[in-house]
Amino acid sequence: MSATPLLELRGIDKSFGPVQVLRDVAFAAYPGEVTALVGDNGAGKSTLVKCISGIHPTDAGQFVFDGRPVSINNPRDASGLGIEVVYQDLALCDNLDIVQNMFLGREKRSGIILDEPTMEQMAAETLAGLSVRTVKSLRQHVSSLSGGQRQTVAIAKAVLWNSKLVILDEPTAALGVAQTAQVLELVRRLADNGLAVVLISHNMNDVFAVSDRIAALYLGQMVAQVKTTDITHAQVVELITAGRTGGIGLATEPANGDNDTPADSTAGGLA
Ligand SMILES: Nc1ncnc2c1ncn2[C@@H]1O[C@H](COP(=O)(O)OP(=O)(O)OP(=O)(O)O)[C@@H](O)[C@H]1O
Ligand SMILES: [Mg+2]
């Protein structure tokens, strides 16, 4: 395990109009590790990812990348640093084939024509490098792929660009058991190849199966970031539902009134 984060965030605030969605968030992602980002619906996970990927400008806070302070003001800044995101909705085009999807908007050209052989070779090498063997033809339309294969293509697309940090927003949410296992294996392999990986998931089995660290967001606050081996399944559930567990997380009950804290949030909801 690496001791130095590839990406570190400090004091991130983000509001949409009067609604503060992230407050004073600290977060770190380490090379060679999978960091699971967990939290209830609306906790702010996707918003945090969109701040990291430059889609949403932050209101306050710092980004440190590879030990240097950086500013991420737009998606180009993020991709320039090697940050790629696989979004919940995948954003693949059904009517295009695998190669076309992987190079969409960043096509290789030879003079004025598209350099299809180079793109096809790079796509093949990327999929092979990830040990993806289930895809029959790179010229298959994405519409003909299974959910797991589509997820694989989206992930391969993200790693094609010399990325250093890959963020996956619920990659297994729509998948069956076998496909979930395949995608999780792929997620693990990305980290084993040296990338820093951030995995958003609501599935505790997935989280414990692949992650090295767990970061828990509760109502827009980062209440814990711990090694997976240092915490139990039940404790993570408690962090997600109550913001604290034992000595970890919020020191006190969250203040009432300024946030839409559910009335039953003290229940703990242990599985
Ligand atoms: N563009 C926006 N404008 C206004 N409010 C927003 C916007 N995007 C997100 N929010 C609000 O921010 C809060 C956090 O949303 P976010 O999508 O980050 O949650 P999440 O943790 O990803 O949830 P889920 O697990 O359901 O995907 C929610 O209350 C949401 O309504
Ligand atoms: Mg989300």
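The values are calculated or read from the model by the stated rules, or taken from the named source; none is laboratory data. Everything quoted here is computed from the prediction, not taken from an experiment. With ideal geometry, Cβ positions are generated from the backbone for all residues, glycine too; neighbour counts draw on all protein chains shown. In case anyone asks, the SASA skips ligands and DNA or RNA and just uses the protein heavy atoms, side chains included. Shrake-Rupley method; radii C 1.70, N 1.55, O 1.52, S 1.80 Å.
Some observations on this one:
- At R0 = 51 Å, FRET efficiency that the Cβ-Cβ distance of T252 and N95 yields, to 0.05: 0.45
- Rounded to the nearest 0.05, the FRET efficiency derived from the C-beta distance between A3 and F208 at R0 = 25 Å is 0.65.
- Using a probe radius of 1.4 angstrom, the carbon and sulfur fraction of the accessible surface of the range 93-162 is 51%.
- Environment charge at A36 (Cβ cut-off 15 Å; Lys +1, Arg +1, Asp -1, Glu -1): -3
- For the range 1-58: Kirkwood Rh in Å [reciprocal of mean 1/r, alpha carbons]: 12.3 Å
- Principal semi-axes in Å for the range 93-162 [√(5λ), Cα gyration tensor, largest first]: 19, 13, 10
- Ligands, DNA and RNA are left out, and with a 1.4 angstrom probe the accessible area of the range 1-50 is 39 Å² per residue.
- With protein chains left intact and a 1.4 Å probe, residues in the range 93-162 average 51 Å² of accessible area per residue.
- Candidates T241, T229, T35: whichever shows maximal mean-square fluctuation once the chain is modelled as a Gaussian network with Cα springs under 10 Å: T229
- Here the Gaussian network model covers the chain, with springs between Cα atoms less than 10 Å apart; of K164, K136, K50, K136 fluctuates the most.
- Whole-percent pair-distance distribution, where bins are 10 Å wide, for the alpha carbons of the chain: 7, 29, 34, 21, 8, 2, 0
- Carbon and sulfur %, accessible surface of the range 6-45 computed with the full protein complex present, 1.4 Å: 48 percent
- Taking Cβ atoms as reference points and 11 Å as the exclusive limit, the residues near A123 contribute a net charge of -1, counting Lys and Arg as +1 and Asp and Glu as -1.
- Gaussian network model of the chain, Cα within-10 Å springs - most flexible of L219, L130, L114: L114
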